[in-house]
1. Among (1) open to solvent by less than 60 Å² (accessible area, probe 1.4 Å); (2) among the hydroxyl-bearing types (S, T, Y); (3) over 19 Å from P200 (Cβ atoms), there is one condition S132 misses while meeting the rest; what is its number?
2. Across region 234-268, what is the total count of residues that are assigned to a helix (DSSP H, G or I), among the polar types (S, T, N, Q) and in contact with a Ser or Thr (Cβ under 8 Å, 6 or more places away or on another chain)?
3. Condition first: surrounded by 10 or more Cβ atoms within 10 Å (Cβ to Cβ), out of contact with any Leu (no Cβ under 9 Å at 6 or more places or on another chain) and touching a residue at least 40 places away in the same chain (Cβ under 8 Å). Can you find one or more residues in region 335-356 that meet it?
4. Is it the case that some residue within region 194-208 is in contact with a Ser or Thr (Cβ under 8 Å, 6 or more places away or on another chain), part of a helix (DSSP H, G or I) and open to solvent by 30 Å² or more (accessible area, probe 1.4 Å)?
5. Name the single residue, out of those in region 52-111 being in a helix (DSSP H, G or I) and among the basic types (K, R), that is least open to solvent (accessible area, probe 1.4 Å).
6. Take L374 and tell me if it is within 60 Å of the chain's Cα centre (by Cα), under 21 Å from S344 (Cβ atoms) and touching a residue at least 40 places away in the same chain (Cβ under 8 Å).
7. Only one of L302, L326, L309, L322 is open to solvent by less than 70 Å² (accessible area, probe 1.4 Å) and more than 22 Å from the chain's Cα centre (by Cα). Can you tell me which?
8. Looking at region 221-233, is at least one residue in a helix (DSSP H, G or I) and under 30 Å from N120 (Cα atoms)?
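The values are calculated or read from the model by the stated rules, or taken from the named source; none is laboratory data. Remember, predicted model here, so these are calculated numbers, not experimental data. Cβ: placed from backbone, ideal geometry, glycine included. Neighbour counts: every protein chain shown. Accessible surface areas use protein heavy atoms only, side chains included; no ligands, DNA or RNA. Shrake-Rupley method; radii C 1.70, N 1.55, O 1.52, S 1.80 Å.
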Amino acid sequence: MTSALLQEAQAAAKLDNLAKAEHLYKEVLSNSAGTNEKAIAEQETALYELGTLYRDHKRIKELEQLIQTSRTVMSGLAKSKVAKIIRALIDLFSTVPETIDTQIAVTKDCISWAVSERRNFLRQSLETRLVSLYIERGAYFDALNLINTLLKELKRLDDKMVLVEVQLFESRVYHALRNIPKSRAALTSARTSANAIYCPTLMQAGLDMQSGILHAEDKDYKTAFSYFVEALEGYSSQEDSRAISVLKYMLLCKIMLNLTDDVHSLLTGKMAQKYAGRDIEAMKAVASAHSNRSLKEFEEALETYKTELSSDPIIRSHFSALYDTLLEQNLVRVIEPFSCVEISHVAEVVGLDTRQVEGKLSQMILDKVFYGVLDQGNGWLIVFDEPRQDATYDAALDTIRHMTTVVDLLYEKASKLN
């Protein structure tokens, strides 16, 4: 009977008859399965398929209620099976946009239930999931507090698999908070823990990706690139969506190393063809602008592909540094032939606002990129030749220093004679 209801519900779902499918799935769930393995498996299927139906139709409230219902339906099952079903239902939220707050609320509710039912394995799993949600939302201090609690417990239990995952999250949180030394220390701990167990492909790819990000922070783009290659292989083999981000980071490394030819060879490769789209086009436009040393093209690329380039904080931070470098190169090239030039002319040539150019020139003078002064009254930039240090002064100081040493030694010898 249950089997026929389930098949009918599946047929209604395929025909996009939501009301009928929902009614039939609920009827399957309302029947008592007892110890019948087949009936239990069908109820499990009904739960997941009804959840998928709610997700596809953006019925968030109903999905939230279904998760609460699943606890009652599956109360007689093994704890590991219940944990798997609840995690699978919570994961359905991840593809629905703008549901992060709902996901956090549902996960917290499930954690409270797991605590009351003394299901420690499920609680730890859900708390790990909650950490990832906090990171996605940007609530880094909430994530850090939960991570510290989890780490104490996991180290005591010696659960290496979950420990690696939590330590990787810790590294990401510290990186987001710009505490790079602690981020690196957490990643080292995660790698040490991972060496003691079989590390799943996705987790290994996550470790490689984080290693690449931290090496890129140190401007070691060559090593970062090698880690990103490993991460891309891992994510690509599992058809994970994070592969696109890793490919963008690989292109970023080649752009920052000024290896334009390598960028083009990567873009024509099989992997780039597989993930072709606006994300890859955005990186191609930036690479072209950097190759041409064109600030205007770079700004146009940033404007055209604003979502693709600005949404990722790692890409954004490195491109901010790249923009400053390009701006400096352009300004130096423009002012090089002059000893005195109007700031408005420099701004016109580079295609930027006068005030912005004036601020950048002031910073470059302070950083000793070139020597000069800004005459703000007349709106001029006066450029000086690089001062040459006269070696005579250094030689004279060395001579005086040696003479002082000689006099001191003669005084000591004279004192001994007396």
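1. Here S132 clears every test but (3).
2. Qualifying residue count, region 234-268: 2.
3. yes
4. Among the residues of region 194-208, at least one is in contact with a Ser or Thr (Cβ under 8 Å, 6 or more places away or on another chain), part of a helix (DSSP H, G or I) and open to solvent by 30 Å² or more (accessible area, probe 1.4 Å), which makes the answer yes.
5. Among those residues, the one meeting the criterion is R71.
6. Details: within 60 Å of the chain's Cα centre (by Cα): yes; under 21 Å from S344 (Cβ atoms): yes; touching a residue at least 40 places away in the same chain (Cβ under 8 Å): no.
So L374 fails the test.
7. Just a single option satisfies the conditions, and that option is L326.
8. The answer is no; no qualifying residue exists.
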